[in-house]
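Remarks on the structure that follows.
The values are calculated or read from the model by the stated rules, or taken from the named source; none is laboratory data. None of the values given here were measured: they were computed from a predicted structure. Reconstructed Cβ throughout: ideal geometry from the backbone, glycine too, with neighbour counts over all protein chains shown.
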Amino acid sequence: MPIGKEQFLKQFTQQALDERISLFMGAGGSCDAGYPNWANLFLPVAKDLGTTIDESTDYYRLAQYYSNNFGAAELRKRINERINKNKYKSPLLEELTKIGFSNVWTTNFDNAIETNYQQQDILINKVFRDSDFSNIDFNKRINVFKMNGDVTNLEGIVATQSDYERYPDSHRIMLMFFKRELISSTFLFIGYSFTDHLVLDCMSEITRYLGESSNYHYAIMKNDPNNPNFRYFIEDLEKRYHIRVLLVNKYEEIPCVLAELNSRIRNKRIFISGSFSSFDTGIEEFSHALSKSLASALINSDYRIVNGIGRRFGTHLIGYANECIAKQGIKDVGKYLIIKPFVGMDKSAAKEKRRTREKVIGQCGAALFVFGETDGNAVRAASGVFEEFEIAKKQHKTIIPIAFPGMVSEVIWNEVKSNITKYPYLERYIDLLTSEQSPDAIASYIVQILDSVQEVT
């Protein structure tokens, strides 16, 4: 049976937060950016052969017939004419590139997904030959695996039946890595019809060996109520290949589903901004106590902490977060604690620091502010905490200030309180979010605020 939308959002959000997730994008994903699907891609090929394209068309065989009659070079020329064009964004690709996939796999020749990552300043490795695997960097870049090759190297694309039959030998390492990823990661299939037996054969092999212990994956597909076999096909995907399918009535619904998915993932991440250099005993003690309470409350409530290592407070927070994570026996600290330091002290680094701040805060649903040193009347210019507040406000994040006397967070708290109608989720709590309250109580209020926002969303 197809999976419901709410069930899909809940399950895949948790997978995105807890596990490695990967994207598999078929031709339908590029169509949203104006590229042809396989039917349109091979339309000129079919016309030259004097045949037509329908639902039963085997595109590898069609390409083979064309190659037999007109030559492989002419076939690749035809393909190039259809896909070598200016790339542009699409709502679908915009949402996909925000989700946080570890790796991307695709059977497409075009560069639509890579272009969209690059336009967001996200580093990628493009892998379309077995020899490219020596350049893989799993830690710093997103790897885009082009299973059928790339438009920049048309001689090496997989287009004909002969290419397909030689695939296990010509792409041995590609297949090995793909199978490994199917075991270790949770996939989301977008724009893919599952008519390519290569992918299903890999999944079938894994389920045969691992049985019920093999991963479940997810797909979003357009419903086909006029096809009497379609529901059996969906059932087969789940039972034999462990693929849970969310059906939509129109392709235009998919970007909306992905936007909601992104929102839910972001809302589980809270950016915590705070710093101080004073050696005042009161500030120091409150920082330690608040850091410990915040780390425990947020992690125990399944929230992810994002921090830029603000002076003193940042090290306190990270230390207690690590301690809490260790007590729970969690080996992968990065699941709950995401550290994004904002480095650079000179003026030349200011623009880059702001860009980094905008990017990091943009990946979170909420931003919490505490401490932050003032510089006389030049609070706004002197404090990174205030700059982070301005960014969060501009990005319409859930903003939670903890007032501390004489510091930037008090300035932020006063601004928020004087405009409380813009922050309805704080109306019950704003007077409680001060250093006069106990750190445990403040941490509890913050979790309540975040939970209330989750419910509304």
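A few comments on the model shown:
- Verdict on Lys89 being without any contact (Cβ under 8 Å) to a residue 60 or more places away in the chain and in the same structural domain as Val158 (by TED's automatic domain parsing): yes
- For region 340-354, the condition holds for no residue, the condition being that it is at pLDDT 95 or above, under 22 Å from the mean Cα position of the chain (by Cα) and either more than 24 Å from Gln448 (Cβ to Cβ) or not in a helix (DSSP H, G or I) (or both).
- Residue that is surrounded by the most Cβ atoms within 10 Å (Cβ to Cβ) [pool: residues in region 164-203 that are hydroxyl-bearing (Ser, Thr, Tyr) and in a helix (DSSP H, G or I)]: Tyr164
- Restricting region 92-132 to residues that are over 16 Å from Pro255 (Cα atoms) and either outside the structural domain of Phe189 (by TED's automatic domain parsing) or hydroxyl-bearing (Ser, Thr, Tyr) (or both), the residue that is surrounded by the most Cβ atoms within 10 Å (Cβ to Cβ) is Thr106.
- Criterion violated by Cys256 - all others in (1) in a helix (DSSP H, G or I); (2) touching a residue at least 12 places away in the same chain (Cβ under 8 Å) satisfied: (2)
- Neighbours by Cβ (under 7 Å, 6+ apart or cross-chain): first from region 163-175, closer than 16 Å to Thr106 by Cα; second among the acidic types (Asp, Glu) and part of a helix (DSSP H, G or I): His171/Asp130; Ile173/Asp130; Met174/Asp130
- Exactly one residue among Asn139, Asn125 is farther than 20 Å from Asn40 by Cα, without any contact (Cβ under 8 Å) to a residue 12 or more places away in the chain and not hydroxyl-bearing (Ser, Thr, Tyr), and that residue is Asn139.
- Qualifying positions in region 3-32 - surrounded by fewer than 20 Cβ atoms within 10 Å (Cβ to Cβ) and outside any helix (DSSP H, G or I): Gly4, Glu19, Arg20
- Among the residues of region 169-228, those identified as modelled with pLDDT of 90 or more and among the basic types (Lys, Arg) are Arg172, Lys179, Arg180, Lys222.
- Matching residues in region 208-262 - criterion: being surrounded by 15 or more Cβ atoms within 10 Å (Cβ to Cβ), polar (S, T, N, Q) and either within 18 Å of Tyr192 (Cβ to Cβ) or within 18 Å of the chain's Cα centre (by Cα) (or both): Asn215, Asn223, Asn262
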